[in-house]
1. Name the residue that is modelled with the highest pLDDT, counting only residues in region B:157-204 that are part of a loop (DSSP other than H, G, I, E, B) and of a type in the set (D, E, K, R).
2. Please specify each residue of region B:439-459 satisfying the condition of being touching a residue at least 60 places away in the same chain (Cβ under 8 Å), surrounded by fewer than 24 Cβ atoms within 10 Å (Cβ to Cβ) and either assigned to a helix (DSSP H, G or I) or more than 8 Å from chain A (Cβ to nearest Cβ) (or both).
3. I'd like to verify a number: residues in region A:249-263 that are within 10 Å of B:PHE353 (Cβ to Cβ) and in contact with a strand residue (DSSP E or B) (Cβ under 6 Å, 6 or more places away or on another chain), how many?
4. Please specify each residue of region B:391-413 satisfying the condition of being buried (at least 21 other Cβ atoms within 10 Å of the Cβ), out of contact with any Ser or Thr (no Cβ under 8 Å at 6 or more places or on another chain) and farther than 28 Å from B:PHE568 by Cβ.
5. How about region A:170-217: which of its residues are closer than 24 Å to A:PRO342 by Cβ and assigned to a strand (DSSP E or B)?
6. Mind counting the residues in region B:484-536 that are among the small types (Gly, Ala, Ser) and free of Cβ contacts under 8 Å to residues at least 40 places away in the same chain?
7. Looking at A:ALA225, A:ALA214, which one is within 11 Å of another protein chain (Cβ to nearest Cβ) and of a type in the set (A, V, I, L, M)?
8. Could you please find all residues in region A:239-263 being closer than 14 Å to B:PRO251 by Cβ and more than 7 Å from every other protein chain (Cβ to nearest Cβ)?
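The values are calculated or read from the model by the stated rules, or taken from the named source; none is laboratory data. Source: prediction; values computed, not measured. No Cβ is skipped: glycine too gets one built from the backbone with ideal geometry, and neighbour counts run over all protein chains shown.
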Amino acid sequence: MKMAATTFLLIFGVLMTSGAGQVAAETAPSGDNPATYRGPDREQRLLEGARKEGQVTVYSSMIADQALRPILNGFEAKYPFVKPQYVRDDPPQQLQKVMAEARAGRMVVDVLESTGLEVPVRAAGINQPFWSPQTEAYTTEHRDPEGYWAPTRFSYLGACYNTNLVKPGEVPKSFEELLDPKWKGKIAWSSTVIGAMLFITGVRNFMGEEKALAYLQKLAKQDIAPIASANRVVVDRVMAGEYALCLDSFLHHPIISARKGAPVAPLPLDPVLTVVSSVMLPKAPPHPYAAMLFIDYLLSKDGQAKLQSADYFPAHPGVAASPDLGKIVPEKIGLRQNFISPAKMNADLPKSRALYQELFAK
Amino acid sequence: MMGHAGRLDGAIIPAERGGKAYPATRRVSLAVVLLIALLCAAVIPPFVFLAYSSLHQLDPTGAFGALTFEHFSTIFRSRAFGSTLVNSVAYALGSALLALAIGAAQAWLAERTDAFLRQLLYVASIVSLGIPYVLYIVAWLLFLGKAGPLNALLLQLFGGTEPYINVYSLSGMIFIEGMLWSPLAFLLLSPVFRNSDASFEEAASICGAGLLSTLRHVTLRMARPALLALGLLVFIKASESFEVPALVGLPGSTIVLTSTIYQRLTLDMPPDIGSASAFGVLLLVIMAILLQIYNRVAAQTHRYQTVTGKGYRPRVIRLGRWRYAAGALIVAIPFIVVVVPLATILWAALLPFYEPLSVAAISKLGFGNFVQVLNSQSFRDSIANSLILGASAATVVTALAAIAGWCVARRVAGSRLLDLLATLPLVFPAIVLGLAFLELFVHGGTQIYGSLFSLVIVSVVAYIPYGLRYAQLGVIQIHPELEEAAAIAGAGHVGAFFRIALPLLVPAMISCWLFVFLLAVRAVSLMLLVVGPDSQVVAVALFDFWNNGQIGELAALGCVWTAIVTVFTVAFLIVARRYQLPIG
């Protein structure tokens, strides 16, 4: 045993001391950092650097077959010398991964695109500020003054329903009508941060704490089925007829599926929960030039046009939503926006989660 | 050649068990020291990192802070912990009983009766071994779901508006996990029924006992130790399983220990690594106790050996008019275990978006998902990664196990420690081992996090215990006198091993290789936390597809992958059968 102990200590010691070298090579703060470089030859530098790197890895929470793949294909068509790779995850899984990478001192991700991660990612010291000439075109209220993130797309959230199970005359028209006992056991939502928690934050934001609590208590009596997956999956369950209604769909998802013939329709409820998703740049991306080149593309009119044709809502003020999506843009259908900023989403999360645990988690 | 004589009729003769301490030197050879050092380096650090994370605070940047017992005390104080434990036990027990019942029924029908089409049971079990867990579970979720064909049928038959079956429940979990293990239960139980001495049953029927009475009082009673050991094995496997708890349990809020760990890591922001690690440590302790019990029970099984040197022939029971009923059962079981899930998956793979079975949907069928999957570089990469991972892990494990297994079976000096180290990873449920390695890679200063190489390390550690068992069984069948002869002729330990033992071990090692390969390519929870974008593997890709709502692509990739793995499974069984090796 003594021998074993010595051997172990020896090996373990080697492992631990080599850990000292892990304090990751943080980005050089020199003026040459492609993240913040503003010189006239910026474009030239990015292209040269990206050509050498030849690769970019994007983590995004956009649904792969709807939006993420078209954007990556568009990028590759424009810059054929950079091979884009992607990983699609929900925001909490994305956070788990980027935190693990940052702690390991081995970043794999070059570009992080997500919803609601702006605050925790910065708190964990994972990302760095960046500058892209494209950001100038965006409205200031949807931008981060310090440049730690830039807006990529808007999302309008609301209910959706199965058109075979809910007859035209029965469709609920308001938050109150969701409380009708006939829907008991027939409603689902995603039990994730971007699902139920965000729904609760939204309700709190427009009703005020007291009314929101009373409303949520009544809603809890409807036995809402929690699906531990992305909001998109909940829409799939509604399409499959497992549930009649869902509360927290990204409203463009049912439109996209309905066009393929699925029995599902979006149901925006006034005021419409609105969030912005954003793009972030890690401190030590393995391909810093390609990363900036991709961010430029994603924020450009070209990249945003891919979102438009994918039926997502471009954040670029110069790129309108596709005509089909007009029926869910709140301003166009006479509904109000219930905008939850990244900071608010994060600040309200603990209480919304506590409410969820108390009222809805059995 | 007593070893071979013993093996042919299926019994391990106790005297052969440990082998002789040949040649009885106490000198520790260099090979053993190196092997012990290697295993220490691979097996001990995950334990240390898991324990360390469970006892330290973590700041928002993910660095370790002060020592704390809070992660544990929070668990014990929480109201949910009790129900989590109850759920875990109910789930594991239910799954074990169901798998045993289905497996034993099949084994009895196939081995002891003259029912029709018995071979069908083997074919179905073999095919089912090649289906990835996630695919199998998803198939059942679609089939039994609220909008699935079974609920639709029940609503047609009995009326009403509410679906009759809720698959996202504890009973749904038990059903699917039980189904998942039933083919293995069958394959492991069939030799037990095959080899039990028929003279007891004949005596019973001479004394006037009927078919059922004989079955109950004699056949099943003789198989009891084997049933108990297998039941315990499935209980342990279900306790540490992750796929069913995550895919079936979480949506229905039926939380068990393994799914709690995943929840702490992915539903909380930021991930609560301390609490997840504390749960991991608790689960390790539980597994250690269960495995101890299992070893005791498994050691007892040979007490009921009925195959002796005397004339022995298993009796085939004539079922008479029951023959047709049994035949129907033999068609029905594989139908439920294999055909239904595969058909459901194929249906999903051919549809642009999933919808229930209907005439209208037939017009939408097409190969779009297959085209998407086969044209995508990332899917082709994940298939290649899975194959590389499986092959590398299997090769390393087989090589290590051959040497370690020989040392352990021949009791060379230091072999006790070797045995302990190589068996230790068994106490790790896959998700906990994944978490422990995540912590190791993240803090260990190695730059291998997220690489395919890191997945190979994780798999080798996870599967070395299985490899060792194969190798030991292989060595036990080789009588030491062959090596003694070599020693007399002047060969040393190393020479005797390489010139004599190794060539004789080849069949056992081939089947060990294939077994580890199959385990490694099927693993989901082991890889889930350590996989990176450059090292995506099929099993994890399938899991992600389900969570991201890409059911069509999941089904298409799953079909392609099942076909590939089935080829390996068939190869495995051909080898295993030819050399009469135990399966599992």
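1. B:GLU162
2. Scanning region B:439-459 gives B:HIS443, B:SER451, B:LEU452, B:SER454, B:VAL456, B:ILE457.
3. 1
4. Of everything in region B:391-413, just one residue is buried (at least 21 other Cβ atoms within 10 Å of the Cβ), out of contact with any Ser or Thr (no Cβ under 8 Å at 6 or more places or on another chain) and farther than 28 Å from B:PHE568 by Cβ, namely B:ARG410.
5. Listed by number, the residues that qualify are A:TRP189, A:SER190.
6. So the count comes out to 8.
7. Working: A:ALA214 fails: within 11 Å of another protein chain (Cβ to nearest Cβ).
One residue alone meets the criteria, A:ALA225.
8. Matches in region A:239-263: A:TYR243, A:CYS246.
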